[in-house]
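J.: Mind looking over this structure? Questions follow.
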Amino acid sequence: MNATPAKLILGIDTSCDDTGVGVVELSPDGRVHVRANRVWSQTVHAQYGGVMPELASREHVERIDQIMGDALTEAGLRVTDLDAVAATSGPGLMGALLVGLMYGKGLSQALDVPFYAAHHLEGHIFAAAAEAELHAPYLALVVSGGHTHLFDVPREGEYVLVGATRDDAAGEAFDKIARLAGLGYPGGPAISEAAQRGNPDAVPFKEPLQGQKGFEFSFSGLKTAALLAHRAGARPEDLAAGFERAAVRTLVKTTVRAAQACGRQTVVVSGGVAANRALREAFGQTGLRVVFPGKGLNTDNGAMIALAGAAAITAGRPASRLDAGATAYAPLATTPPAS
């Protein structure tokens with residue numbers, strides 16, 4: 001890995017309902033340091049129990065200048081100090097993606113610095129690089145409101161899809177069950193807090209896909225069980241506790257089996273659900289080296305996109321063309337062909 005000059009990289013993420021801008025310093029020896037990470041989490045969607053795409057796009061437009069200024073202030077920098085700009089190009093909500101992508105392109109052109117179109121899921125994976133040294137091979141579980149993907153990373157920049165959800169993403173299930181139980185939005189923190197006051201044995205949630213040979217996930221059955229229990233009068237706290245335990249167990253057990261099958265000792269767990277206390281405790285008992293992103297880097301943010309940009313620079317990848325477009329559906333990898 002060739003050493004690179006010290007660089008200051010600005011990252012922008014507007015893939016969904018968080019306006020994120022971060023700054024990362026890339027040292028000549030390849031180490032990275034997060035200088036700033038500012039996120040505006042939109043609250044307008046709470047009344048709908050989910051993200052309204054058009055409202056998300058409008059709020060990104062209204063907030064991105066302010067968040068950009070806040071990030072530079074936190075980093076102690078002027079905009080002219082930046083050496084590169086990275087922005088999420090996909091996957092995500094198309095209108096929301098375009099706000100950050102066009103803003104990043106315009107900024108790079110105005111500053112005459114390289115621009116890197118970043119993959120949102122790769123950003124989540126590289127968020128862990130700010131917490132600990134991350135070198136392939138390893139396994140990566142990205143688990144958030146829109147994604148539940150399990151990747152094997154045999155070499156730097158190579159991603160093999162090992163397993164994914166058949167239906168809802170884990171974070172989406174957290175949101176929907178929290179809404180059903182009247183616990184609020186976003187559902188992740190609401191479920192986690194309520195679960196601490198509940199009895200996980202009060203509602204019989206069956207772990208999904210028990211006995212499968214592959215490494216897939218499914219959360220639709222847990223939603224159905226929650227709905228039936230809610231109609232039967234289950235306490236919201238018990239719903240939360242039972243669901244959280246079942247969801248955590250299926251995530252951890254499936255990931256551990258995949259790590260054994262792929263021969264990996266290191267597992268990266270990232271995305272909004274990676275902030276869940278019960279999930280972290282369960283992974284801590286697996287005997288694997290499990291790396292989580294640091295505080296503020298689990299949910300969508302700009303620093304993780306800057307970290308993805310830093311990884312691209314370190315790997316010697318060419319800068320992106322300024323005509324690079326946004327893509328709502330952008331797989332990071334494909335399932336390996338059957339043997």
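The values are calculated or read from the model by the stated rules, or taken from the named source; none is laboratory data. Note that the structure is predicted; figures quoted are calculated from it, not measured. Cβ: placed from backbone, ideal geometry, glycine included. Neighbour counts: every protein chain shown.
J.: Out of LEU180, LEU139, LEU121, LEU111, I need the residue that is in the same structural domain as THR43 (by TED's automatic domain parsing) and farther than 18 Å from ILE9 by Cβ. Which one?
T.: LEU121
J.: Okay, moving on. Give the residue that is farthest from THR250 (Cα to Cα), with candidates limited to residues of the stretch 155-174 that are touching a residue at least 60 places away in the same chain (Cβ under 8 Å) and in contact with a Phe, Trp or Tyr (Cβ under 9 Å, 6 or more places away or on another chain).
T.: That would be TYR159.
J.: Right, next: Quick check: is even one residue across the stretch 111-131 surrounded by fewer than 18 Cβ atoms within 10 Å (Cβ to Cβ), touching a residue at least 40 places away in the same chain (Cβ under 8 Å) and in a loop (DSSP other than H, G, I, E, B)?
T.: Yes, because at least one residue in the stretch 111-131 is surrounded by fewer than 18 Cβ atoms within 10 Å (Cβ to Cβ), touching a residue at least 40 places away in the same chain (Cβ under 8 Å) and in a loop (DSSP other than H, G, I, E, B).
J.: Suppose we filter THR255, THR286 for residues that are outside the structural domain of ALA303 (by TED's automatic domain parsing) and in contact with a helix residue (DSSP H, G or I) (Cβ under 7 Å, 6 or more places away or on another chain); which single one remains? Can you show your working first?
T.: Details: THR255 fails: in contact with a helix residue (DSSP H, G or I) (Cβ under 7 Å, 6 or more places away or on another chain).
Among THR255, THR286, only THR286 is outside the structural domain of ALA303 (by TED's automatic domain parsing) and in contact with a helix residue (DSSP H, G or I) (Cβ under 7 Å, 6 or more places away or on another chain).
J.: Name the single residue that is surrounded by the fewest Cβ atoms within 10 Å (Cβ to Cβ) among those in the stretch 50-79 being of a type in the set (Lys, Arg) and in a helix (DSSP H, G or I).
T.: Of everything passing the filter in the stretch 50-79, ARG58 is surrounded by the fewest Cβ atoms within 10 Å (Cβ to Cβ).
J.: I've got another one for you. Taking the stretch 177-221 as the search range and keeping residues that are out of contact with any helix residue (DSSP H, G or I) (no Cβ under 6 Å at 6 or more places or on another chain) and hydrophobic (A, V, I, L, M, F, W, C), which one is surrounded by the fewest Cβ atoms within 10 Å (Cβ to Cβ)?
T.: Taking the candidates together, the pick is LEU209.
J.: Of all residues in the stretch 4-49, count the ones that are assigned to a strand (DSSP E or B), at pLDDT 95 or above and of a type in the set (S, T, N, Q).
T.: Qualifying residue count, the stretch 4-49: 2.
J.: Just a yes or no: is a residue in the stretch 80-93 over 23 Å from LEU121 (Cβ atoms) and part of a helix (DSSP H, G or I)?
T.: Yes, the stretch 80-93 contains a residue that is over 23 Å from LEU121 (Cβ atoms) and part of a helix (DSSP H, G or I).
J.: Another question, if that's okay. Just give me the residues in the stretch 9-40 being in contact (Cβ under 8 Å) with a residue 60 or more places away in the chain and among the small types (Gly, Ala, Ser), in sequence order.
T.: Matches in the stretch 9-40: GLY11, SER15, GLY20, GLY22, GLY30, ALA36.
Here's the yes/no breakdown for (1) outside any helix (DSSP H, G or I); (2) among the basic types (Lys, Arg); (3) buried (at least 24 other Cβ atoms within 10 Å of the Cβ):
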residue	(1), (2), (3)
LEU227	no, no, no
LYS253	no, yes, no
PRO293	yes, no, yes
ASN298	yes, no, yes
ASP323	yes, no, no
LEU332	yes, no, no
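J.: Also: If we scan the stretch 80-91, do we find a residue that is acidic (Asp, Glu), on the phi < 0 side of the Ramachandran plot and at pLDDT below 95?
T.: Step one: of the stretch 80-91, the residues acidic (Asp, Glu) are 81, 83.
Adding the requirement that they be on the phi < 0 side of the Ramachandran plot leaves 81, 83.
So of that shortlist, the ones also at pLDDT below 95 come out as none.
No, every residue in the stretch 80-91 fails to be acidic (Asp, Glu), on the phi < 0 side of the Ramachandran plot and at pLDDT below 95.
J.: Let me ask something else about it. Identify all residues within the stretch 170-219 that are closer than 15 Å to ALA46 by Cβ and of a type in the set (Lys, Arg); write none if there are none.
T.: If the condition is that a residue be closer than 15 Å to ALA46 by Cβ and of a type in the set (Lys, Arg), then LYS176, ARG179 are the ones that fit.
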